[in-house]
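The block underneath contains the structure these notes are about, expressed in structure tokens.
The values are calculated or read from the model by the stated rules, or taken from the named source; none is laboratory data. Just so it is clear, the structure is predicted and the values come from calculations on it, not from any experiment. In this analysis, Cβ positions are derived from the backbone assuming ideal geometry, glycine residues included, and neighbour counts consider all displayed protein chains. Heads up: the accessible areas ignore ligands, DNA and RNA and are worked out on the full protein's heavy atoms, side chains in. Shrake-Rupley method; radii C 1.70, N 1.55, O 1.52, S 1.80 Å.
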Amino acid sequence: MEFSRDQFLEEGYVILRQVIPPQELDGLRRAYERLVERQRVIWARERGPDDPPGGAWETNAQPRLNLGLLAGQIDAQTVDAVEIWLHENTQGVSSRLLGVDDAAVTEMMLMCNPVRDHETGGHRGWHRDFYPPHTAPLQGYADDIIENGPRYVQWNLPLYDDDVLWVVPGSHARLNTAEENAAMNDDARTPVPGAVQTHLAAGDGVAYILPLLHWGSRYNAKMRRTIHGGFSEYTTHKDLPYLEHLSPASQESFHRWNGRSRQKFEQTEAALRAAIDGNGTAFKAALGRLHPGRGEKGGLLSTIFLSKSAKRIHHLKSPEFDSLPEQERLWAESIHPMTLQWGRPLADRFSRQEAGALWARFKFVDDLLQADEDQWTPGFQGEETRYYFDRIPADLSVEAFLATL
Ligand SMILES: [Fe+2]
């Protein structure tokens, strides 16, 4: 596969032709269609009392399969749906795009068309795929990408021609422009200035860097089966009941990725413990092991992620956890390795007292990331909060954090 990594880093996305080898396309379509049929049976069975007979298949603007949740349905007939994620054209190319030896697949999904057109409602406008209050301000991502390259690459890989996705080239490494904000505030469901529509033939792929500003344009009833997911340096796959159906090399890959994720889990704990102990040297060493070779901006982004980790552990260990708002509880329990969020298994490594000490250390970071008034920038997931969406305050740095330990 020929491509320019420099161009990918500059524009934040790259379109690749015939990622799915043409002779494999029909077989892959059949494998995914079987999964769709099986999922539709489940959706019909699980429909609510007011839902149409097909349940979510009929009501969703974008019915979506998550292969991680469908693990039991991966068998000899459908295993190609997983194997395509281990192909040289996806996994190999992702490693090259990320600049790592062995990229790990993080999520494996399929996006489908709705049964009827969703012209105005039902689909989202322009957005970046994250919510800064839960991870970090956009500047944290942009600075890290410019300094060290991306930590994550996302893919759309259509099984049928697909021109739904629009992108703003270069937007992954900068804040929104005033023009973009004005356009999104006016109507987030029309092309913003400088936007580009992707035109993918069946089997082509687009790979893009996470904070890229993008838009799923119209979700209409035209046949859409687009493989969607991503790669990072590590990830975690909870159970792997389908492994026996994969090739020996693919099985090995999943084991290797899980092993690396376990290591990152341990290293995350080590960084948090170094902070509890007030040991700046150990904290810096732990940051270096978590993300080897990443510079100062990378260290700052990881420190912000760790502050979120500390906040979640503090929540999870709190006697008042059950009375927290549902959204907060779900966030605290969710697992997102790329941003060092390991949910309850990590919280369980700490006593209630340690969780309190941990939060006392990271509150310095958390306080600096908040304003006195609600913040809002268009083009993100989630609602307004006091956390900054865009900028990291100038007085927040790894050194400033270490000075408080
Ligand atoms: Fe998105």
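The H on the amide N of F130, modeled in the peptide plane, is under 5 Å from the matching H of Q381, each at least 5 residues off or on a different chain. Based on the reciprocal of the average 1/r between different C-alpha atoms, the Kirkwood radius for the chain equals 22.3 Å.
Please list 29-38, 73-82 highest first by mean number of surrounding beta-carbon atoms within 10 Å per residue. Intermediate values should be presented prior to the final figure.
Numbers: 29-38: 16.2, 73-82: 18.0.
Packing order, densest peptide first, comes out as 73-82, 29-38.
Amide H contacts for A104 (H built 1.01 Å from N in the peptide plane; partners 5 or more residues away or on another chain; cut-off under 5 Å): S232, E233, Y234. Rounded to whole numbers, the Karplus 3J(HN,Hα) couplings from phi for segment 369-376 are 8, 10, 9, 7, 10, 4, 10, 7 Hz, using 6.51 cos²θ - 1.76 cosθ + 1.60 with θ = phi - 60°, and x at Gly and Pro.
Database remark: amide H of I227 closer than 5 angstrom to the amide H of M111, L157, L159 (H placed geometrically; neighbours at sequence offset of 5 or more, or on other chains; Pro and chain starts carry no H). The largest accessible area among D322, D374, D50 belongs to the first residue in D50, D322, D374, and the rest follow in falling order (1.4 Å probe, all chains). The phi-based Karplus calculation (6.51 cos²θ - 1.76 cosθ + 1.60; θ = phi - 60°) puts the 3J(HN,Hα) values of segment 325-335 at x, 3, 4, 5, 5, 4, 4, 4, 8, 5, 10 Hz, whole numbers, x for Gly and Pro. Per residue, the average separation of C-alpha pairs within less than 8 Å and at least 6 apart gives the chain a relative contact order of 20 percent.
Rounded to the nearest whole Å², what accessible area per residue is found for the chain with the 1.4 Å probe?
Working: 17590 Å² over 405 residues.
With the other protein chains kept in place, the chain gives 43 Å² per residue.
Dipole of the chain, Cα-centred, from +1 at each Lys and Arg C-beta and -1 at each Asp and Glu C-beta, to the nearest 20 debye? Before the final figure, lay out each step's value.
Details: 43 positive and 58 negative charges, 172 e Å.
Roughly 820 debye for the chain.
Rounded to the nearest whole Hz, the Karplus-based 3J(HN,Hα) values (6.51 cos²θ - 1.76 cosθ + 1.60, θ = phi - 60°) of segment 388-398 follow the sequence 5, 8, 9, 9, 8, x, 4, 8, 9, 8, 4, with x at glycine and proline. How high is the relative contact order of segment 262-404, in percent, counting Cα pairs under 8 Å that sit 6 or more residues apart? So the answer I get is 22 percent.
Of the cross-linked pairs K284/K363; K238/K264; K238/K311; K317/K363; K264/K308, which ones have a Cα-Cα span greater than 20 Å in the structure shown? Don't jump to the answer; show the numbers that get you there.
Values: K284/K363 18 Å; K238/K264 15 Å; K238/K311 24 Å; K317/K363 16 Å; K264/K308 16 Å.
Over 20 Å apart, Cα to Cα: K238/K311.
Using Cα pairs closer than 8 Å and at least 6 residues apart in sequence, work out the relative contact order for segment 179-264, in percent. Walk me through the intermediate numbers first.
Numbers: 27 pairs, mean separation 19.5, N = 86.
Taking the mean separation of contacting Cα pairs over the length of segment 179-264, I get 23 percent.
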